[in-house]
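Let me begin by presenting the structure, written as structure tokens, before commenting on it.
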Amino acid sequence: MNRTPPRAPEAVDDPVVPGRAYVVGGAVRDALLGRPVHDRDWVVVGATAQQMLDAGFRPVGRDFPVFLHPRSGAEYALARTERKTAAGYRGFAVQADASVSLEQDLQRRDLSINAMAQDEQGRIIDPWGGQRDLRERVLRHVGPAFVEDPVRILRVARFAARLPEFHLHASTLRLMREMVGSGEVDALVPERVWQELARGLMEPAPRRMFEVLRDCGALARVLPEVDALWGVPQRADAHPEVDCGEHLMLVLQAAAADAAPLAVRWACLMHDLGKATTPADVLPRHIGHEARSVRLAAGVAARLRVPGECAELAAVVAAEHGNVHRSLEFGAAALLRLLQRCDGLRRPQRFELVLQACRADYLGRGGDWPRRDYPQQPRLLAALRAAREVDAGALARDVTQRGGGAPAIAQALQTARERAVRDALGEARD
């Protein structure tokens, strides 16, 4: 870790800012870790909202006073304290005025590594041991007020995915379990759950997020369909890791290693949900789990208000990942039907994402599976290119000139595409 304090940002001592401005939170943490700093959060101490307005700042905060700098457009928040008034992350009374100190503002934050500030001389203000915890690679809550905001459970899990070399302090894990036991986590609103899950999925080690959520019991409350996969066996010949939950974690890591976008990672998370509902008398086989996964993934998407792009890709991957894996056995006609079920002819870019998710599913297993090739991917892409190169307009005009109607056009187009796929793959007629 880089233990040299980060250089003070040039705008800290901007005379436009009333009171005293400090860089806080993630910018200080990342600079101390030697990581790039992309965004800076600012806290202003000793100023009122009216003074900010008089200095030309524009208000943007809805729940507490946040302002945009009149020249740079950077966000500045007044130092504030919070008092719990009701369940959930919205149940707070906020005090933000000139009497709130920097230490009070930092005390309301979640983790010690996020509760540091930097002044205009570049000095680090660290009242809660953030630098120590950076050195010791530990995620530790700041104080007892941690239990008042259930979103912090999700944030801690997300930071575990961002900083996989860090471990969760036992006292923080204990508080998180208490929050789950008290029902506080049930007050989370869908938008915040999705927001934190989506951010955590895009971190370098997404499996750590789910491991932390499982360890504190929160996964069973926010994503019970995913939590149910642990302890469910599957065939060891195709899955040396055996456990469905462990397979899911390996798939997520394979997607992360491939720098997959969010929609692919979400599809990976959803693709095997149906295995948790396989009747016990047919285990470890999971016949028909694809259709069950589609239904369960749709339910999760509706509950968490998942964006359409992610929900749609998850549905296709859940339904067809088994067929994609088996597609080396398919001839031209079967390949074309698979492409059409995936809507690949109309949406080729999305089909590439389908294949990326399927590749992660294939490689995300135990044994030597992560080192294997996935020839299904290039073969299906070659088939897709060949099918899309058929000139549908010219073919339709030719059939129409010969007196054919819509059914004849559809049949001719299907035949031409099958022939194109067959020729492109150099295969004999089915």
On Cα atoms only, tilt of 190-201 relative to the major axis of the chain in degrees: 80
Return the long-range amide H neighbours of M116 (sequence gap of 5 or more, or a different chain), with a cut-off of under 5 Å between placed amide H atoms. G25
Quick check on segment 243-390: take the gyration tensor over C-alpha atoms, sort the square-rooted eigenvalues as a ≥ b ≥ c, and tell me if it's rounded (a/c under 1.5), prolate or oblate. rounded
As I understand it, the value is the acute angle between the Cα axis of helix 170-182 and the longest principal axis of the Cα atoms of the chain; what does it come to in degrees, rounded to 10? 70
For segment 246-255, 3J(HN,Hα) per residue [Karplus equation, 6.51 cos²θ - 1.76 cosθ + 1.60, θ = phi - 60°, Hz, x = Gly/Pro]: 5, 4, 4, 5, 5, 5, 4, 5, 5, 5
Alpha carbon centroid spacing (whole Å) that separates segment 394-430 from segment 101-168: 63
Can you give the extra length, in nm with one decimal, that the chain gains between E427 and E309 once fully stretched, where that is 0.36 nm per residue apart less the Cα-Cα distance? 39.0 nm
Quick one: angle between helix 406-425 and the longest Cα principal axis of the chain, in degrees between 0 and 90, rounded to 10, please. 80
If each DSSP helix of 4+ residues adds -39,500 (n - 2.57) and the sum is divided by the residues in the chain, what number results at 222 nm, nearest 500 deg cm²/dmol? -14500 deg cm²/dmol
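Quote the relative contact order of the chain in percent (integer), defining contacts as alpha-carbon pairs under 8 Å separated by 6+ residues. Walk me through the numbers before you get to the answer.
On the way: 724 pairs, mean separation 40.6, N = 430.
For the chain, the relative contact order is 9 percent.
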Nearest 0.05, what FRET efficiency do R346 and R123 give at R0 = 41 Å with Cβ-Cβ as r? 0.10
In whole angstrom, note down how far apart the Cα centers of segment 206-247 and segment 257-323 are. 13
How do the peptides 344-351, 247-254, 110-117 rank, highest first, by the average count of neighbouring beta carbon atoms within 10 Å per residue? 110-117, 247-254, 344-351
Sticking with the crude label model, points 7 Å out along Cα→Cβ, report the distance from L283 to A302 in nm, one decimal please. 2.8
With θ taken as phi - 60° and the coefficients 6.51, -1.76 and 1.60, list the Karplus ³J(HN,Hα) couplings across segment 303-310 in order, rounded to whole Hz; mark glycine and proline as x. 5, 9, 6, 5, x, x, 4, 6
Sorted by packing (mean other beta-carbon atoms within 10 Å per residue), highest first, where do 146-155, 64-73 land? 146-155, 64-73
In nm, spacing of pseudo-spin labels at V60 and D30 (7 Å Cα→C-beta vector): 1.6
Please list the equivalent ellipsoid semi-axes of the chain, computed as the square roots of five times the alpha-carbon gyration tensor eigenvalues, in descending order and whole angstrom. 50, 26, 20
How much net charge surrounds R221 when only other residues with a Cβ under 15 Å from its Cβ are counted (Lys, Arg +1; Asp, Glu -1)? -2
What ranking do 163-173, 217-227 get when scored by the average of other Cβ atoms within 10 Å per residue, highest first? 217-227, 163-173
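Return W369, W128 ranked ascending by Cβ neighbour count within 10 Å, so the fewest neighbours appear first. Walk me through the numbers before you get to the answer.
On the way: W369 16, W128 21.
In increasing order of surrounding Cβ atoms, one gets W369, W128.
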Sorted by chain and number, the residues with a modelled amide H under 5 Å from that of L168, at a separation of 5 or more or across chains, are L139
³J(HN,Hα) across segment 321-326 via Karplus (A = 6.51, B = -1.76, C = 1.60, θ = phi - 60°), whole Hz, x for Gly/Pro? 4, x, 5, 4, 4, 8
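Where a number appears in this text, it was derived from the coordinates with a stated rule and is not lab data. This structure is a prediction, so every number in the text was calculated from the model and none was measured. With ideal geometry, Cβ positions are generated from the backbone for all residues, glycine too; neighbour counts draw on all protein chains shown.
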